[in-house]
Amino acid sequence: MRFNLSKELLIVVDMQNDFLTGALGTKEAQEILPAVNEKIRNAERVIYTLDTHTDDYLSTQEGQNIPVEHCMKGTWGHALADGLVQRDDALRIEKPTFGSVELGQKVRELEKNGEIDSVELIGVCTDVCVITNALLIKSFCPQLPVSVDAACCAGVTPQAHETALAAMRACQVEIK
């Protein structure tokens with residue numbers, strides 16, 4: 001049972017097997033799992049994003065720059081991470097690249113309808129998909145408070161994580 005009276009939307013970014021223990025997994029991503037699960041359990045409303053690639057991934061611009069097949073649709077690596085709390089009432093948004101226009105549009109719709117009054121992002125990778133989606137949401141909803149819980153995020157490296165947090169802070173994203 002949730003007693004949270006706020007209308008905060010929790011966005012869980014790309015907490016998928018390939019980013020925790022698979023092709024692009026890191027110990028930092030594995031270490032945030034308990035804190036991420038606690039946030040999910042206590043959230044009023046949750047959206048999960050899923051990095052989603054297809055067989056042509058290596059021929060895409062992203063695939064040329066990150067030539068590691070990961071989060072291939074339909075594979076174990078694409079699934080939400082083993083051990084991650086998965087809410088049946090949560091929306092899941094597959095995204096073919098770092099940021100999701102569909103996510104930005106959904107957040108704008110929820111804000112416009114008065115269903116949310118703030119957004120918090122958690123997940124991986126701080127310096128790629130978390131920052132991209134935080135800034136995308138700020139673009140779609142410039143007056144909506146957007147925050148990132150640093151303790152529930154992991155970057156490609158600890159230094160990249162810190163750099164991304166500083167960049168988001170400079171763009172009016174609250175860092176918790």
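Our helix-only sum for the chain, with -39,500 (n - 2.57) per DSSP H run of n ≥ 4 divided by its residues, gives a mean residue ellipticity at 222 nm of -9000 deg cm²/dmol. If R0 equals 25 Å, the separation of the Cβ atoms of Glu31 and Glu109 corresponds to a calculated FRET efficiency of about 0.15. Placing unit charges on the Cβ atoms of the charged side chains and taking the dipole of the stretch 8-175 about its Cα centre, the candidate lying farthest along the positive direction among Cys153, Ile116, Ile11 is Ile116. Need one number: the % of Cα-Cα pairs in the chain sitting beyond the 22 Å mark. Everything past 22 Å amounts to 39 percent. Exposure proxy ranking for Asp149, Asp55, Asp127, Asp14, based on other Cβ atoms within 10 angstrom of each Cβ and starting from the fewest, stands as Asp55, Asp149, Asp127, Asp14.
For the pair Arg92 and Thr60, label points projected 7 Å from Cα toward Cβ lie 1.7 nm apart.
Calculated FRET efficiency, Glu44 to Thr163, Cβ-Cβ distance, R0 = 25 Å: about 0.20 to the nearest 0.05.
Each value in this text was obtained by applying a stated rule to the coordinates, not by laboratory testing. Please read all numbers here as calculations on a predicted model, not as lab measurements. Every residue, glycine among them, receives a Cβ derived from its backbone with ideal geometry; neighbour counts consider all protein chains shown.
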